[in-house]
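Worksheet for the structure shown next.
The values are calculated or read from the model by the stated rules, or taken from the named source; none is laboratory data. All values derive from a computational prediction rather than experimental measurement. Every residue, glycine as well, gets a Cβ built from its backbone with ideal geometry; the counts of neighbours run over all protein chains shown.
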Amino acid sequence: MRRILPSLNALRAFEAAARLGSFKAAAGELGVTHGAISQQVRLLEDWLRAPLFERHNRRIVLTPAARAYLSEVGPAFDRVAAATAGYGRNDVAVLRVNAPATFALRWLIPRLASFRERYPEIRVRVETSNQALEALPDVYEVIIRGGPDSFYGYAMRPFLSEQRLPVCSPALLSRLPLQTFQDLKRHTLLHTLSLPRLWDDWLSEAGISGLETDATLTLDHFYLTLQAALDGIGIAMGPTALIADDLAQRRLVAPFPGPFLPARTYCTYVRASKTAGDPTSAFLSWIEQEGNMSAHER
């Protein structure tokens, strides 16, 4: 006889939210967004044709019928988990990491394979954002931002330093050589919308004032600015930590030996209550080792 069952994803969302008393907490446990939990619960309510929660602003309360439903669904999930563990499957921990997009794209993600090889039992979920720590939902085990800064309730650990200097493609340099700083006048300077003063600060550091170039191009993300440099469109202010591989393989070159523009250090920020977790500790140890190796390669 065919079993009539609702969506298992919807059941998991309901069980986690009902057990934890919060859509936000359920999202954190299952590694999805608050909206995904809400959507799955509504799908289950539609399927059952009955409400499961009474919603009071930010609070949720189980209906009497839903409490009875949970008393059956919860133990059923426990039995499935126990049967699965007994069959030999090891539990897989989910580690949620939030990092700036350019850092994630150009430094973190290319190195994650080594973390997976070392810790196959930990599944890393990377989300990108430039939001301040206080504006992020409390679902991330590790947050990566510039620093060092102090935030109440967070433990901060620096792991990767960098500087900035002008970089461009070898093809562009062969077309328009750069012998002196004044040769920059013939080039397109690439700017990033969120970092509008990088070139002004570097030119000031180099002792150059009133330099007017043939053209400028402003892009809204730093990774787009670096891609434009790789494509030979112009010259970007390159962060040494994030372009080390490009410089080593001569996809990018630094036309001047200096000066180097100081930049913020990359740091991990972890809520003090989460620092004792094994997956978090493993990730922090790994990323600091990778940061040390990256520094020695530059």
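For (1) out of contact with any Phe, Trp or Tyr (no Cβ under 6 Å at 6 or more places or on another chain); (2) surrounded by fewer than 16 Cβ atoms within 10 Å (Cβ to Cβ); (3) under 15 Å from Glu15 (Cβ atoms); (4) modelled with pLDDT under 90, each residue gets a yes or a no:
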{"residue": "Gly35", "(1), (2), (3), (4)": "yes, yes, no, yes"}
{"residue": "Leu48", "(1), (2), (3), (4)": "yes, yes, yes, no"}
{"residue": "Glu54", "(1), (2), (3), (4)": "yes, yes, no, yes"}
{"residue": "Ile60", "(1), (2), (3), (4)": "no, no, yes, yes"}
{"residue": "Ala68", "(1), (2), (3), (4)": "yes, yes, yes, no"}
{"residue": "Ser71", "(1), (2), (3), (4)": "yes, yes, yes, yes"}
{"residue": "Thr84", "(1), (2), (3), (4)": "yes, yes, no, yes"}
{"residue": "Tyr87", "(1), (2), (3), (4)": "yes, yes, no, yes"}
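Scanning the range 244-279 for residues that are at pLDDT 90 or above and β-branched (Val, Ile, Thr), which turns out surrounded by the most Cβ atoms within 10 Å (Cβ to Cβ)?
Across the range 244-279, the extreme among qualifying residues is Thr268.
If you take the residues in the range 206-228 that are out of contact with any helix residue (DSSP H, G or I) (no Cβ under 8 Å at 6 or more places or on another chain) and closer than 24 Å to Gly146 by Cα, which one is surrounded by the most Cβ atoms within 10 Å (Cβ to Cβ)?
First, pick out the residues of the range 206-228 that are out of contact with any helix residue (DSSP H, G or I) (no Cβ under 8 Å at 6 or more places or on another chain): 207, 210, 215-216, 218, 220, 224-225, 227-228.
Then drop every residue that is not closer than 24 Å to Gly146 by Cα, which leaves 218, 220, 224-225, 227-228.
On the way: Thr218: 12, Asp220: 9, Leu224: 18, Thr225: 26, Gln227: 16, Ala228: 19.
So the residue we want is Thr225.
Taking into account only those residues within the range 89-107 that are touching a strand residue (DSSP E or B) at 6+ places or on another chain (Cβ under 6 Å) and more than 25 Å from Pro6 (Cβ to Cβ), which is modelled with the lowest pLDDT?
Checked the range 89-107; the qualifying residue modelled with the lowest pLDDT is Ala93.
Go through the range 206-232 and count every residue that is more than 28 Å from the chain's Cα centre (by Cα), in contact (Cβ under 8 Å) with a residue 12 or more places away in the chain and in a loop (DSSP other than H, G, I, E, B). Explain how you work it out, then say what you get.
Step one: list which residues in the range 206-232 are more than 28 Å from the chain's Cα centre (by Cα), which gives 206-216.
Filter once more, keeping what is in contact (Cβ under 8 Å) with a residue 12 or more places away in the chain: 206, 208, 211-216.
Adding the requirement that they be in a loop (DSSP other than H, G, I, E, B) leaves 206, 208, 211-214.
Residues meeting the conditions: 6.
Scan the range 6-29 for residues that are at pLDDT below 85, surrounded by fewer than 20 Cβ atoms within 10 Å (Cβ to Cβ) and closer than 20 Å to Ala76 by Cβ and jot them down.
Arg19, Leu20, Gly21, Glu29 - these are the residues of the range 6-29 that are at pLDDT below 85, surrounded by fewer than 20 Cβ atoms within 10 Å (Cβ to Cβ) and closer than 20 Å to Ala76 by Cβ.
Residues that are more than 20 Å from Phe103 (Cα to Cα): list the strands (runs of 3 or more DSSP E) wholly contained in the range 121-203 that include at least 1 such residues.
It comes to 122-128, 154-160, 188-192.
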